[in-house]
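Notes to accompany the following structure.
The values are calculated or read from the model by the stated rules, or taken from the named source; none is laboratory data. Computed from a predicted model, the values in this text were never measured in an experiment. Here the Cβ positions follow ideal geometry from the backbone for every residue, glycine too, while neighbour counts run over all protein chains shown. Heavy atoms of the whole protein, side chains included, go into the accessibility calculation; ligands, DNA and RNA do not. Shrake-Rupley method; radii C 1.70, N 1.55, O 1.52, S 1.80 Å.
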Amino acid sequence: MNLNRVMPAKGRRHTFHTFSPLSDFYSVPTIFLTFKTKEMKHFMGTMAAIIISLYSIAQTSKVSVSGTVIDAATRKPLPSASIKLGNKVAIADDEGRFVFRKVAKGSYDLVATNVGYTDNKERIEVSDTTKGLIISLKNSPLFLQALEIKALRAGDKAPFTKTNITKEDLVQTNIGQDMPYMLSQTPSTVISSDAGNGIGYTHITIRGVDAQRTNVTLNGIPYNDAEDQGVYFVDLPDFTSSLSSIQVQRGVGTSSNGTGSFGAGINLQTNEFIAQPYVELNNSFGSFNTIKNTVKVGSGLIDDHFTVDARLSRISSDGYIDRATSDLQSFTISGAYINKSTSVRLNIFSGKEKTYQAWYGVLQDSMATHRTYNPEGLESNGSFYPNQTDNYQQNHYQLFFNHEFNKQFSFNTAFFYTPGKGYYESYVAETPYSNYGISSQDTSDLVNQQWLNNKFYGQILSVQYKTSKDQVIAGGGWTTYEGGHYAYVTWAQDGGFTPDYMYYNNNALKKDENIYAKWEHQLTNHLTFYADLQYKHVSYVMNGFDFDPTRYVNQKWDFMNPKLGLTYTKNGWQVYGSWAVGNKEPNRTDFENDKVYAPSPETLNDFELGAEKRTSLYNYGATIYYMNYKNQLVQTGQLDDVGNTIRINTPNSYRLGIELQGGVVLSNWLNVTGNLTLSQNKIKQFIEHIGSYDVNYNLIGDSIVPHNNTNISYSPNTVAAGSINILPIKKLQISLISKYVGSQYMDNTQNKARSLSDFYTEDARMVYTLKGKLVKECNLIFQVYNIFNRLYSPYGNNYSTINEGTFSSSNYYFPMAGTNVMAALNIKL
């Protein structure tokens, strides 16, 4: 939690990013593919050496396995059905056909799935004659589609850049860290952690765009904080254990509920139907006294209509950074009624977090001698205040109703209520009484609590109509946010305050309504047209601010967000192109810091062109994107009186890049995946403001420094990820997981002295699986992070000021842990 989710002086800094001219992009391949960067050489060299050496021994006698997936009742083919053979996966084409090439002879489990059908699992013997298989899928007797997810996610033929992550993928990575760590291997993604080990507050950027610009939904319901528009996964610890899938859309993506998408959208799904009763016990242990305990239970299908699922989790860790402790608790309960055409589901999620503040970062001068130093809570006597903590509890109540009138027409709606309450407690040394509304020149050490008490509620709905050539989805929603902001002085060394003295109390009201219509039309057997139009109205009333209680803001905005695209699919190829517009209103601190001019909303025009080839044996693809921003709110380099970043509207900025990704199954025991992003991220004109302070640290003015064509902060030009998965025996998988992130600037001046160095890390993971009668499945997971013990910092801040006429600039870094380990034992009963 963070008060309106804003940090105290020199606290958490939020960053906002953009893109660069077409002419700049042509130099990108030359710059990066010559491997002039040492860390990039290591990344590419390690991946290449391992692949070549393993591939040389991976050749065995292979055959092809082919077949068709059909509807058991109509005997018609089922396009887009998913077929899994061992560790290979294929998607049926428009005629329901699939093929697996270079399959070693032997016995395999073959599983075919499709939405609305019962899974078909059978054991087959692969030989020279295993061809022409006919796999029949029966219609499910229950209505199992999650329409609230279907309304927002990009479908198979939607012309948007996306990555789908399955439940099976999440099981191997979910051993304690926060949600962004589950997404680290997706293209263009950079993650960091305040505590240095991925537990507690974490950050994610996609294409250089931070969480305030990323639209996140839980089962189609908005999750971003409505006021500062950030995402705090720490409020729902171990939520990954409740997920059935994730879709990450890069760029504007499809129309969604909640905050505007200015670079990415993350759609999380929990509404999974599990037909059989189950019990799961998941326990993880590791470095820095990290412990994760999770219990999951499910009733399976009761009386052919009812299901109940529940989870209880606890995570604790000392953190890598000094005193960066985390004590996290959460639970979920989900009950559903399902019949042939209707489903009703009630979800209750709750998370409670207590974390010791680690928001400052480590001063550059301390990095060589004490890179885990945490200055938060430093008292006048040199000791540290033991309760310099962030405390917050958030509850989620979601009620869904889905109904299918016939095979063409369906409807869904959901109501939600999300209350949250908490505070952060801070020790402040020698602070002036005048900062707390008391007329005095005196100062005192004191302890304050800054509270946030909010309510977020609303409704989403959609109507879906589908024929053989058309799919139309019309929907929308409304939300209301009520935010209460208040603070107390709970203790002062020199007195002068009444007990629990309240020094501010203000509130805010924000409303958001949106409607959208999406049309997907099959022009030919292989060409699909997509159109999407959203109208959004936002109103925002702020009745005063923390240290400016008499200033009021009342703003209204109306946005139109059109999207158009084409997709061509044939013989495993998919080629698409799209144009999408996103608009976004300023957040609370933008108004708080701009006392003269009201900040303007931002507009993004996103152009995407992609091509992908996918077979059961390999896949590869490329996406070129150009994201052109108008009036983007970017950092000025100036800080306000409580250390928040001041942003101003910049007329022109943009991002241009290419995302390459692919994967190959080299044998039954070896497969490789990887992705690489090359980009340029530029602001055409940027004005740097450097605050000037007197001897008493009072702001007396600022110096203005113009810059042209500079890199956008926290936007590396190169991001790469790769994974080599080895299955030496049937029950064991060993993965080598690589990540490379190029250098980044901590502000928009393109000053090398204010930058983060590039880094390359390598992890190793082992998963051993046992199955039996008493225990359905037992997974032992052991992971070594940062096996080469790289000392790196993926995130940081810069503070530049003029004090009594002398310029000073200080860098603060958020270092990540060196080599550390986690082990997990997951048992399914």
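Lys/Arg Cβ at +1, Asp/Glu Cβ at -1, dipole of the chain taken about the Cα centre: which of C778, L346, A720 is farthest positive-ward?
The residue sitting most towards the positive pole is C778.
Of the peptides 494-503, 249-258, how do they stack up when ordered by the mean number of other Cβ atoms within 10 Å, highest first? Provide the component values of the computation, followed by the final result.
On the way: 494-503: 12.9, 249-258: 27.8.
Put in order of decreasing packing, that is 249-258, 494-503.
If the cut-off is 12 Å between C-alpha atoms, which aspartates and glutamates fall inside it for K340, apart from same-chain ones fewer than 8 positions away?
Cross-link targets: D304, E404.
So which aspartates and glutamates can K455 reach, going by Cα to Cα under 13 Å and dropping same-chain residues fewer than 8 places off?
Answer for K455, where 13 Å is the Cα cut-off: D225, E227, E482, listed by chain and number.
Give the relative contact order (percent, whole number) for the chain; include only Cα pairs under 8 Å separated by 6+ residues.
13 percent
What FRET efficiency would be calculated for the residue pair K752, K556, taking the C-beta separation as r and a Förster radius of 60 Å, to the nearest 0.05? Each step should come with its number before you reach the end.
Numbers: r = 43 Å, r/R0 = 0.72.
E(calc), rounded to 0.05, equals 0.90.
What does the charge dipole of region 152-211 about its Cα centre add up to, to the nearest 20 debye, if the Cβ of each Lys and Arg holds +1 and the Cβ of each Asp and Glu holds -1? Display every interim value, and only then the final one.
On the way: 5 positive and 6 negative charges, 59 e Å.
Charge dipole, region 152-211, about its Cα centre: 280 debye, nearest 20.
Using a 1.4 Å probe on the protein chains only, how many percent of the accessible area of the chain belongs to carbon and sulfur?
Details: 18790 of 32880 Å².
So the carbon and sulfur contribution to the accessible surface is 57 percent.
Rounded, prolate or oblate, given the Cα gyration tensor of region 348-476, with a/c below 1.5 counting as rounded?
Details: a/c = 3.87, a/b = 2.58, b/c = 1.50.
In terms of gyration-tensor shape, prolate.
Helix 38-55: angle to the longest alpha-carbon principal axis of the chain, degrees 0 to 90, nearest 10?
20 degrees
How much length would be gained if the chain were fully extended between D365 and Q276, taking 0.36 nm per residue of separation minus their Cα-Cα distance, in nm to one decimal?
Numbers: separation 89, 0.36 × 89 = 32.04 nm, distance 5.75 nm.
Result: 26.3 nm gained on full extension.
Would you kindly derive the ³J(HN,Hα) couplings of region 744-754 from the backbone phi angles with the Karplus curve 6.51 cos²θ - 1.76 cosθ + 1.60 (θ = phi - 60°), listing them in order in whole Hz, with x for Gly and Pro?
For region 744-754, the Karplus-derived couplings read 9, 9, 8, 8, 9, 9, 6, 8, 4, 5, 10 Hz, x marking Gly and Pro.
Cα-Cα over 32 Å: which of K105/K828; K76/K828; K296/K584; K150/K296; K150/K510?
Values: K105/K828 30 Å; K76/K828 37 Å; K296/K584 39 Å; K150/K296 26 Å; K150/K510 27 Å.
Flagged as over cut-off: K76/K828; K296/K584.
Quick check for me: using +1 on Lys/Arg Cβ and -1 on Asp/Glu Cβ, what's the dipole size of region 130-170 about its Cα centre, in debye to the nearest 20? Walk me through the numbers before you get to the answer.
Values: 7 positive and 4 negative charges, 33 e Å.
Roughly 160 debye, rounded to the nearest 20.
When the C-alpha atoms of region 243-293 are aligned to their principal axes, what extent does each axis show, in angstrom, from largest down?
Answer, in whole Å and largest first: 38, 38, 16 Å.
May I have the extent of the alpha carbons of region 285-336 along their three principal axes, as whole Å values ordered from largest to smallest?
Per principal axis, max minus min of the Cα coordinates gives 53, 15, 8 Å.
Show me the ranking of peptides 716-727, 97-108, 326-337 by mean Cβ neighbours inside 10 Å, starting with the highest. Working shown, then result.
On the way: 716-727: 21.6, 97-108: 17.4, 326-337: 19.3.
Peptide ranking by packing, descending: 716-727, 326-337, 97-108.
On alpha-carbon atoms, Rg over Rh for the chain using Kirkwood Rh? Don't skip to the answer; put the middle values down first.
Numbers: Rg = 26.8 Å, Rh = 27.9 Å.
Rounded to two decimals, Rg/Rh equals 0.96.
What are the equivalent ellipsoid semi-axes of region 303-401, built from the alpha-carbon gyration tensor (square roots of five times its eigenvalues), in whole angstrom, biggest first?
Working: eigenvalues 406, 31, 22 Å².
Value: 45, 12, 11 Å, ordered largest first.
Quick check for me: using +1 on Lys/Arg Cβ and -1 on Asp/Glu Cβ, what's the dipole size of the chain about its Cα centre, in debye to the nearest 20? Let's see the in-between values first.
Values: 72 positive and 72 negative charges, 767 e Å.
Result for the chain is approximately 3680 debye, rounded to the nearest 20.
Would you work out which of G132, T431, S809 lies farthest towards the positive end of the dipole of the chain, given +1 charges on the beta-carbon of Lys and Arg and -1 on that of Asp and Glu, about the Cα centre?
Projecting each Cα onto the dipole axis, the largest value belongs to G132.
Quick one: Debye curve from the C-alpha atoms of region 681-743, no solvent, what's log10 I(q)/I(0) at q = 0.13, 0.15, 0.21 Å⁻¹?
The calculated log intensity ratios at q = 0.13, 0.15, 0.21 Å⁻¹ are -0.64, -0.72, -0.90.
How much net charge surrounds K731 when only the other residues with a Cβ under 11 Å from the Cβ of K731 are counted, with Lys and Arg +1 and Asp and Glu -1?
+1
Among 374-383, 180-189, how do they line up from the highest to the lowest mean number of other beta-carbon atoms within 10 Å?
By packing density, highest mean first, the sequence is 180-189, 374-383.
With the dipole of region 515-605 worked out from charges on the C-beta (+1 for Lys and Arg, -1 for Asp and Glu) around the Cα centre, which of G577, F559, V541 lies farthest toward the positive end?
Value computed over the given set: G577.
Using the Karplus equation 6.51 cos²θ - 1.76 cosθ + 1.60 (θ = phi - 60°), what ³J(HN,Hα) coupling, rounded to whole Hz, does each residue of region 309-314 give in order, writing x for Gly and Pro?
With the stated coefficients, region 309-314 comes to 10, 8, 9, 9, 9, 9 Hz.
With a probe of 1.4 Å, find how much accessible area the chain has per residue, and write the answer as a whole number in Å². Please list the in-between numbers first.
On the way: 32880 Å² over 829 residues.
Per residue, the chain has 40 Å² of solvent-accessible surface.
According to the square roots a ≥ b ≥ c of the eigenvalues of the Cα gyration tensor, what is the shape class of region 671-829, taking rounded for a/c under 1.5, prolate for a/b larger than b/c otherwise, and oblate for the remainder?
In terms of gyration-tensor shape, prolate.
Remind me, what semi-axes does region 474-583 give for its equivalent ellipsoid, largest first in whole Å, using sqrt of 5 times each Cα gyration tensor eigenvalue?
Values: eigenvalues 530, 53, 21 Å².
Equivalent ellipsoid semi-axes, largest first: 51, 16, 10 Å.
Under 30 Å Cα to Cα from K752, which lysines show up? Leave out anything in the same chain fewer than 8 places away.
K10, K36, K38, K41, K630, K682, K684, K739
Ignoring everything except DSSP H segments at least 4 long, calculate the 222 nm mean residue ellipticity for the chain; use -39,500 (n - 2.57) per segment, divide by total residues, nearest 500. Kindly include the intermediate steps, with their values, before the conclusion.
Details: 6 runs with 45 residues, N = 829.
Mean residue ellipticity at 222 nm (helix-derived): -1500 deg cm²/dmol.
Past the 26 angstrom mark, what percentage of all C-alpha to C-alpha distances in region 637-757 do you count?
The proportion of pairs with Cα distances above 26 Å equals 46 percent.
Past the 19 Å Cα-Cα mark, which pairs from K84/K162; K84/K730; K138/K407; K62/K131? Present the calculation step by step, with values, prior to reporting the outcome.
Working: K84/K162 21 Å; K84/K730 16 Å; K138/K407 15 Å; K62/K131 13 Å.
Beyond 19 Å: K84/K162.
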